[in-house]
Structure formats: C-alpha cells, structure tokens
C-alpha cells in the first residue's frame, strides 16, 4: 500500500544543482525481461479525436482536482484543454490496481513496478507509442526502457516519477549512525520492538538486496529474480528479523507518528516521510545505505481495453509536462520524471532534495519489478519464484 492520502513535501534546505545535458535524455541500455513473452498487442499508431471522458486508477495524490486541496488542481485545466472529463478511482495497493484494471472499466493506471509486469503478462496493458507523447523526450533516461515498464524495447507506459526506500533512524536513540542495512537485519535485536519495515511482499527484495551484498555465494544478481535457494534465504532472513519488528507500516502517517512517539527508532522509509517527520519535531535522519536500496518508479499504463484511448494519451502527455509533473512531484513527494520540471518547482531545492537529476544516485536503486518465473536476470537454467509465492511467503513471515 502506498500513501493513503496525499501530502505536499515540506521545504528542504539544500540548494538546487541543475544538471544540463550529460546524457540525461538518452535512451537507457537496461536489459529487458529475458524470456518474458507478453501477448502480441500493437501500440496505437496515431491519435484520433478525444472521446470526452477518461477513467483512471491512481495512487492518492496523483489525480488532484482541487477537492482535496484547493491549491492542488491539475485535472481542471486538463479537462478544459482537452474536453476529457476525468473520473479517478484511488487504489490503496498494487493488488487492487491489478484487479481494477482487469475489470475493463478503466483506461489507464499509475502502476508501480510490483504490478506492471502482471498487467503486461495478462494482456491488460497495451504497448504505448511514445511518439504520441511529445513530453516523453524530456523524461530522464534512467526511467526509459526499464524492466518494469518495457519488454524487448517496447514501452508499456509513460514514467511518472521515482523514489528510493531509505533507512531512517532516531538520531538520539541510534548510535553510531547506521550506514548499512545490517542495522535492521543482522543487528535487528538491538532495536527489538522498535524496528519498523514496509508492509508488502515486495519487501522480500530488500532482504535479497542485502544478501546480494553480504552473501556473494548466493549469486544474487537481481533482488526480484530469485531462484528457490535464494528466495528461501531471503525469507529466512525476514523470519529472523520478525521478532524484532514492532510494526510493519503502509500508512505514512502511522510511521511519522511512531517515530515521533518513540515506538519506532529505525526502519525503512521514503524521503518525503523523513521530511515530514522532521518538520513535526521528530529527531530523525534518512540515509541511503552502502548496499544501495530498493525503490519505486510509477508508470502510467494504458489499458488494452481502453474505451477512451485518445484521452488517455492526452493525459499521459499532460501529467509529465514540466509544470504539471512538478506540481505532482511536490504534492506527493517524489522525484519528477521530466527533467524540465526542476525549473518549475515552487521550492527551488526540491529536485536536489529528491536527487531528481543525480543519475548516479539512482544507479544504486533496484526499482520494484514484478517477480516472474522467467528470471529477470537472464538465467534460463532455473525458474525463479513468481510473485504469487512472494505473497504466500509474506503471510508466513508476518505470522
């Protein structure tokens, strides 16, 4: 589950360092999902007349029309410009998004990487013709042609934004300052009852990422491509961690409250949550550990059954336009997808705080990707554990 309600990121104190050129607009050379063969669907070749309506499934805070916050409204000007009346359904989890998209009632969805390949594999998501989305050319190359939004060079969506899963700790209670995920795994007993972790099966990848760096003998290359032995080790690490976890969090407000009260002193977080917690008086700091981290990158995906595909294309171009993408990024608390958005944020330090232009930062982030049997790391001599088994294991881990 992602944010249950939207929020605007609190002001940061860093200065903005804009990066010009430097290959930020180039295509990525990231490998595709090896052995993964989705249904043979064709992308739309040209835009037709808009249909007057658009039905979306989205995370809270992504489709704002001023009803939640009068200052947050990028839907109304879209409707006026295109004639497409927007109807949005807020989903509380990736699983809910997949279920809603399978109903055929929605034109597009802001899917995270733990849902996107499921939508592609089932034929629910259609390939997207990026030539019909002019603002796509200004999307950071680190978000293009990635394993969670493309297959064999074919795009299945338009990148929306990205964020990293960080390690947050109470600076008064945790000393010395942690630099490794070992604080929540091998040393978890030091914080028994006050450790927190993200409540989702995809958190198994966090354990796998740590094992990739600390147990080289397991030969983990991709934390979302785990054979049975690798998977069992990751699950075992989380079961060992479990007695020390005071609370698994999915609602960002609860995590903020827990760190303010002292119920939680260390655990996973997002940058926006750390900012908010500090603004409310919590003595916390968030760091990217030396092993790197997992993270999330959301993609606007078009339904293969879309009744209003032209409006959907107009929306995908609108939501990543510089000014709008900046509005959404600041309101939600994430790095924007469009590099030009960094000139449009109300807080001049925003893109620096969220590392928007720092591609070297994102190279250490393993973005959520749906685990499938075809190993995403290219191995063909074994089968990897699919997401359905991750869900079962997560239930066992939590008890």
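Only the coordinates and a few stated rules stand behind these numbers; no lab work does. These figures come from a predicted structure and were not determined experimentally. Virtual Cβ from ideal backbone geometry, glycine too; neighbours counted across all protein chains shown.
Rounded, prolate or oblate: which one fits the stretch 286-354, using the alpha carbon gyration tensor with axes a ≥ b ≥ c (rounded when a/c is under 1.5, else prolate when a/b beats b/c, else oblate)?
Details: a/c = 3.58, a/b = 1.52, b/c = 2.36.
Note, shape of the stretch 286-354 comes out oblate.
For the stretch 277-399, a/c is not less than 1.5, where a ≥ b ≥ c are the root eigenvalues of the C-alpha gyration tensor, and a/b does not top b/c. That puts it in the oblate class.
Which residue fluctuates the most in the chain, going by a Gaussian network model with Cα springs under 10 Å, if the choices are 189, 110, 303? Answer for the Gaussian network model of the chain: 189. By the Cα gyration tensor, the stretch 237-281 has an equivalent ellipsoid whose semi-axes, rounded to whole angstrom, run 21, 11, 8 from largest to smallest.
Each part reduced to its alpha carbon centroid, the stretch 195-263 and the stretch 362-398 end up 13 Å apart.
For the stretch 135-183, the Cα gyration tensor yields ellipsoid semi-axes of 37, 12, 8 Å (square root of five times each eigenvalue, largest first, whole Å). Here the simple spin-label model places points 7 Å from the Cα toward Cβ, and for residue 349 and residue 103 these points are separated by 4.3 nm.
When the Kirkwood radius is taken over all Cα pairs of the stretch 84-189, what Stokes-Einstein diffusion coefficient follows at 20 °C and 1.002 mPa s, in µm²/s?
Values: Rh = 16.8 Å.
Stokes-Einstein gives a translational diffusion coefficient of 128 µm²/s.
Taking Cα atoms, how many degrees apart are the long axis of helix 204-214 and the longest axis of the chain, rounded to 10 and kept between 0 and 90? With rounding to tens, the tilt is 60 degrees. Distance from the alpha carbon centroid of the stretch 48-68 to that of the stretch 112-127 works out to 20 angstrom. Work out, in µm²/s and without decimals, the Stokes-Einstein translational diffusion coefficient of the stretch 37-129 at 4 °C, 1.567 mPa s, Rh from Kirkwood over C-alpha pairs. Reported coefficient: 89 µm²/s. Using only Cα atoms, tell me the angle between helix 322-332 and the longest principal axis of the chain; keep it within 0 to 90° and round to the nearest 10. So the inclination is approximately 40 degrees.
How would you classify the chain from its alpha-carbon gyration tensor, with a ≥ b ≥ c the square roots of the eigenvalues: rounded for a/c under 1.5, else prolate if a/b is greater than b/c, otherwise oblate?
It comes out oblate by the Cα gyration axes.
Taking every DSSP helix (H) stretch of at least 4 residues in the chain, weighting each as -39,500 (n - 2.57) and dividing the sum by the residue count yields a mean residue ellipticity at 222 nm of -8000 deg cm²/dmol. The largest-to-smallest principal axis extents of the Cα set in the stretch 172-270 are 40, 28, 22 Å.
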